[in-house]
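Visitor: Below you will find the structure I want to go over with you.
Please treat every number below as a calculation from the coordinates, not as lab data. Keep in mind that this is a model prediction, so the values were computed, not measured. Glycine also receives a Cβ, built like all others from the backbone with ideal geometry; neighbour counts cover every protein chain displayed.
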Amino acid sequence: MIESSCSKLETFMRFVIPGEPIPKARARTYPVVDKNKKVVYKRDGKPFVKTKTPERTKAYETYVAACARRAAYQRGLVRPISGPIVLGCQFYLSPTKKILERSSYKEDAILVADKPDLSNLYKSVEDAAEGILWQNDSLIVDYFSIDGKIGSKFYSSNPRVIIEIRCLDTAM
């Protein structure tokens with residue numbers, strides 16, 4: 001069993017999340033309404049609001065969390081990492097019709113310079129693995145490219161996310 005420690009800058013864990021990567025969508029805020037569909041207000045005159053995370057985002061984060069739990073179990077990680085880590089992710093997205101029509105399309109070779117935003121893809125992984133692989137996503141101090149590849153978003157007929165975690169110190 002591993003007590004969430006690893007030596008300086010070694011690859012601590014690497015695993016794959018199969019399936020189409022889903023970016024983190026912004027939560028939507030709505031005013032609370034009563035049974036007559038009138039907005040409910042607080043004493044200070046401001047409306048009560050509720051925030052709702054889109055279902056697609058919730059479902060993907062649940063799936064990523066399950067994959068992270070399995071990877072942690074296979075690695076023998078009994079507690080989330082509690083020290084600084086460096087995170088590497090490669091996101092392989094299904095190619096668009098326009099990309100497939102290009103005669104120069106090569107599997108996993110074209111960088112995605114289009115939506116979704118890379119930061120939102122990372123955020124889905126960071127939030128889903130919080131409390132499983134790391135205590136808090138604030139412990140992520142840097143990002144890196146896996147296998148020396150430039151970039152982190154690629155088109156692929158095999159959509160997936162490759163995740164690699166490296167630890168920065170031995171005092172976890």
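Visitor: If you average the sequence gap of Cα pairs under 8 Å that are 6 or more apart and divide by the length of the chain, what percent do you get for the contact order?
Guide: Working: 316 pairs, mean separation 73.8, N = 172.
Relative contact order of the chain: 43 percent.
Visitor: Given a Förster radius of 25 Å and the C-beta distance between Ala27 and Val141 as r, what FRET efficiency does 1/(1 + (r/R0)^6) yield to the nearest 0.05?
Guide: After rounding, the FRET efficiency stands at 0.45.
Visitor: Can you give me the C-alpha center-to-center distance between the range 19-34 and the range 65-98, rounded to a whole angstrom?
Guide: Cα centroid of the range 19-34 versus Cα centroid of the range 65-98: 22 Å apart.
Visitor: List the pairs from Lys52/Lys98; Lys50/Lys123; Lys46/Lys115; Lys98/Lys149; Lys37/Lys115 whose alpha-carbon separation is above 29 Å, in the order I gave them.
Guide: On the way: Lys52/Lys98 34 Å; Lys50/Lys123 22 Å; Lys46/Lys115 36 Å; Lys98/Lys149 24 Å; Lys37/Lys115 36 Å.
Distance filter (> 29 Å) returns Lys52/Lys98; Lys46/Lys115; Lys37/Lys115.
Visitor: Looking at the chain only, what percent of DSSP beta bridges run antiparallel? Nearest 5 please. If you can, show how the numbers build up before the last one.
Guide: Working: 22 of 32 bridges.
Expressed as a percentage, antiparallel bridges in the chain total about 70.
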